[in-house]
Amino acid sequence: LKIGRFAILKGDPMYAAVVSSFDTAPRYAQIPTPEPDGKDEVLVDVIAAGLHPRVRSQANGSHYTSSGELPLVPGIDGVGRASDGALRYFIASDATIGTMAEQTVVDLRRSVVLHEGSDPLLVAAAMNPAMSSWVALRRRIDFRPGQQVLVLGATGNAGQLAVQVARHLGAGRIVAAGRDAARLANLSRLGADLLVSLGGDREEVAVRLGEAAGEVDVVIDYLWGEPTATAMLGLARYRASDKPLSWIEIGSVAGPTAEIPSAALRAHRLQIVGSGQGSVSTADIVAELPLLADAISAGTFEVNARAVPLAQVTRAWQEPDGGGRVVLTPGR
Ligand SMILES: NC(=O)c1ccc[n+]([C@@H]2O[C@H](COP(=O)([O-])OP(=O)(O)OC[C@H]3O[C@@H](n4cnc5c(N)ncnc54)[C@H](OP(=O)(O)O)[C@@H]3O)[C@@H](O)[C@H]2O)c1
């Protein structure tokens, strides 16, 4: 069996989620245990691994980092223990041997030791979605306490955490915009000052967003596609100040491309930047892990997680996630 660079696998068999085709969900199967290579790699017993949208795009081959290589074990991050006994959060270093397995190989330089007593389920559920806004605000723009933030697409796991992360990092007024009415309503409790529904007529949405968020300093954008074009038109129309506006593209759940109105760029000090793997270096992402892990472990953020046994990976893939983040835990 050849899985990525793990061409000579001679370890004992272990159970893992295995993707053999980009068209079908992973299945629970036995593969040889991968072997660490070099002084920084260790074998880790996985305790929890989150089923993030990024993992779905890894498993169906659509992520921009996909090499097209199969088979693969999905999972981009997780919580587990190496032979030193320490509880760690880690980011997978290999795109083909991921974290949805009983054991995986971890490069210690891409891991952080968690306080004993940290809840592996919460950390595995929250690190990826929370990191999206945390890293964007701390590494991609010069964010200052008191600045106003619009979270565009605030009802997903990352969006709900973005509202809380922005509050935690000292944002002033926070506007949360989303489609799902019930989850949107819940965001007031989590720190949003103003809620904007993205439902209904495009022109009405532009007006609503313009009135509510015309003067924000930062947009944290999980949507892209048509809603982003609408939001940009709305904000541009209502914006009176000449202060800079940083628009951070983080996700694209509403479409991979968006029509950017040229007038918005000419009329305002609008800068569009992206935040993710590549636009933020791995070293910078890893440098943010300890503080964020501490905040999550301390219960700073409300996190919605649901544990599912690894043996049920195929079902977990096919079922709607029901809003909470599915976390796979080895075993039946
Ligand atoms: N760049 C990074 O560093 C980074 C890190 C983490 C995540 N991400 C990306 O961020 C995005 C969100 O991640 P997540 O973990 O929050 O996913 P999630 O929990 O699955 O949430 C996605 C949300 O998007 C909403 N949505 C889908 N289409 C929409 C539309 N047309 N208009 C408004 N809302 C829409 C859904 O709301 P409904 O309930 O209305 O369907 C759902 O709540 C993904 O694209 C992910 O890949 C990026």
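The values are calculated or read from the model by the stated rules, or taken from the named source; none is laboratory data. The structure presented is a predicted model; accordingly, all values stated were derived computationally and were not measured. Please note: Cβ atoms are built from the backbone with ideal geometry, for glycine as well, and neighbour counts cover all protein chains shown. Side chains included, ligands, DNA and RNA excluded: accessible areas come from the protein's heavy atoms. Shrake-Rupley method; radii C 1.70, N 1.55, O 1.52, S 1.80 Å.
Descriptive notes on the structure:
- Principal-axis tilt of helix 120-135 within the chain, Cα atoms, nearest 10 degrees: 40
- Relative contact order (percent, whole number), the stretch 192-290, Cα cutoff 8 Å, 6+ residue spacing: 26
- Using the 1.4 Å probe convention, the accessible area of the stretch 91-142 works out to 35 Å² per residue with neighbouring protein chains retained.
- 222 nm mean residue ellipticity, helices alone, for the chain (DSSP H n ≥ 4; -39,500 (n - 2.57); rounded to 500): -8500 deg cm²/dmol
- Per residue solvent-accessible surface (Å²) - the stretch 194-322, probe of 1.4 Å: 47
- Acute angle (nearest 10 degrees) that the helix 202-213 long axis makes with the longest principal axis of the chain, alpha-carbon atoms: 90
- Seen against the Cα atoms of the chain and their longest principal axis, helix 157-168 is set at about 70 degrees.
- Of the trypsin sites (Lys or Arg not before Pro) in the stretch 109-191, the ones in a loop by DSSP (not H, G, I, E or B) with at most 11 other beta carbons within 10 Å are 189.
- Here the chain exposes an accessible surface that is 51 percent carbon and sulfur, computed with a 1.4 Å probe and the other protein chains kept in place.
- Based on Cα contacts under 8 Å between residues 6+ apart, the chain shows a relative contact order of 17 percent.
- Loop sites in the stretch 59-163: chymotrypsin sites (Phe, Trp or Tyr not before Pro), DSSP, at most 11 other Cβ within 10 Å: 64
- The Rg/Rh ratio of the chain, with Rg taken over Cα atoms and Rh as the Kirkwood radius over Cα pairs, comes to 0.99.
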